[in-house]
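Structure first, commentary second.
Readers should treat all values here as calculations from the given coordinates under stated rules, not as data from a laboratory. What you see is a predicted model, and the numbers here were worked out from it, not measured in a lab. Cβ placement follows ideal geometry from the backbone for every residue including glycine, while neighbour counts extend to all protein chains displayed.
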Number of protein chains: 2
Amino acid sequence: MTERSVTHATFTIERSYDSPPAKVFKAFADPAIKRRWFVEGEGWEVEEFTADFKVGGQERSRFRFRGGTPICNDTAYHDIVPNERIIFAYTMTIGENRISASLATVEFKPEGRGTMLLFTEQGAFLDGLDQVEGRKGGWGELLDALGRSLQS
Amino acid sequence: MTERSVTHATFTIERSYDSPPAKVFKAFADPAIKRRWFVEGEGWEVEEFTADFKVGGQERSRFRFRGGTPICNDTAYHDIVPNERIIFAYTMTIGENRISASLATVEFKPEGRGTMLLFTEQGAFLDGLDQVEGRKGGWGELLDALGRSLQS
């Protein structure tokens with residue numbers, strides 16, 4: 001029987017990109033672009049990626065790393081201000097175990113001709129199965145992958 | 001044009017109830033019971049209350065206070081452990097303006113023959129239209145109404 005626990009934690013990440021806010025926003029809004037930086041990568045097998053980018057819309061990705069246990073991300077969009085802000089809630093599940101539920105806010109601010117992106121995650125990490133440090137590291141890598149995607 | 005801003009804040013509320021965890025949990029899980037303490041009350045006109053209490057399910061309530069501007073609560077359930085834990089995300093909208101998006105965790109812990117309920121909200125308060133103090137006060141009143149509902 002699982003010992004239940006919840007650890008609440010908040011973290012923020014900032015990234016500066018040379019691209020304007022409309023282009024960075026589009027990398028979240030356009031499913032084909034998002035798929036490239038968000039779920040594809042060497043060693044990752046994407047089993048599912050469906051996205052409905054609108055308030056009330058859902059997004060689901062399911063993937064494995066080198067044949068390992070399936071990992072699911074279930075996202076629901078709660079607030080969208082074009083080119084300025086996206087707020088979504090998402091859970092992460094590994095195999096049968098839900099390891100977290102989080103609220104994420106992405107803010108896009110003009111910075112010269114580019115964009116300062118501010119990512120804020122307010123997370124509930126569940127049953128000792130996940131930790132905030134790893135989550136922050138994971139999002140840091142994703143936002144770096146987004147940066148490479150914007151340059152390609 | 002709306003000046004956009006996001007204020008992130010977390011608060012917790014504790015309440016002790018004489019009823020066992022299964023009964024307190026049911027007051028969230030059963031739509032007929034939840035409606036009584038969550039949206040009904042003197043002066044409040046309930047225009048809509050629909051609830052689908054399951055992971056991935058949605059709940060929507062729409063109400064007015066004494067004929068005022070319609071207020072909407074849109075909730076999505078992200079994690080449910082029967083009699084132990086509920087995690088949901090919700091937005092509040094007044095008229096056309098979304099004023100907040102939040103992640104809420106409700107934990108039900110046995111306390112003698114009763115229950116200690118721990119409510120944690122991790123909120124994003126939007127565009128200067130809402131503040132954490134008022135939200136905490138609102139949930140405090142709701143959890144008091146829940147307590148009265150358990151005794152009736």
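Comparison of B:PHE119, B:PHE125 shows that the only residue that is within 14 Å of chain A (Cβ to nearest Cβ), touching a His at 6+ places or on another chain (Cβ under 9 Å) and outside any loop (DSSP other than H, G, I, E, B) is B:PHE125. Of the strands (runs of 3 or more DSSP E) lying entirely inside segment B:11-110, those carrying at least 2 residues that are within 14 Å of chain A (Cβ to nearest Cβ) and under 16 Å from the mean Cα position of the chain (by Cα) are B:58-65, B:71-81, B:85-94. Residues in segment B:1-33 that are among the aromatic types (Phe, Trp, Tyr) and either free of Cβ contacts under 8 Å to residues at least 24 places away in the same chain or surrounded by 18 or more Cβ atoms within 10 Å (Cβ to Cβ) (or both): B:TYR17, B:PHE25, B:PHE28.
Taking the criterion of being without any contact (Cβ under 8 Å) to a residue 40 or more places away in the chain and touching a strand residue (DSSP E or B) at 6+ places or on another chain (Cβ under 7 Å), the residues of segment B:125-152 that qualify are B:LEU129, B:ASP130. Could you tell me whether segment B:73-88 includes any residue that is over 22 Å from B:LYS54 (Cβ atoms), acidic (Asp, Glu) and out of contact with any helix residue (DSSP H, G or I) (no Cβ under 9 Å at 6 or more places or on another chain)? Among the residues of segment B:73-88, not one is over 22 Å from B:LYS54 (Cβ atoms), acidic (Asp, Glu) and out of contact with any helix residue (DSSP H, G or I) (no Cβ under 9 Å at 6 or more places or on another chain), which makes the answer no. Of the set (1) within 20 Å of B:GLY137 (Cα to Cα); (2) crowded, with 17+ Cβ neighbours inside 10 Å, all apply to B:PHE49 but (1). Among the conditions (1) buried (at least 17 other Cβ atoms within 10 Å of the Cβ); (2) on the phi > 0 side of the Ramachandran plot, A:VAL106 misses just one, which is (2). Can you tell me which residue in segment A:120-136 is surrounded by the fewest Cβ atoms within 10 Å (Cβ to Cβ), limited to those that are within 12 Å of the chain's Cα centre (by Cα) and over 16 Å from A:ARG98 (Cα atoms)? In this case the residue turns out to be A:LYS136.
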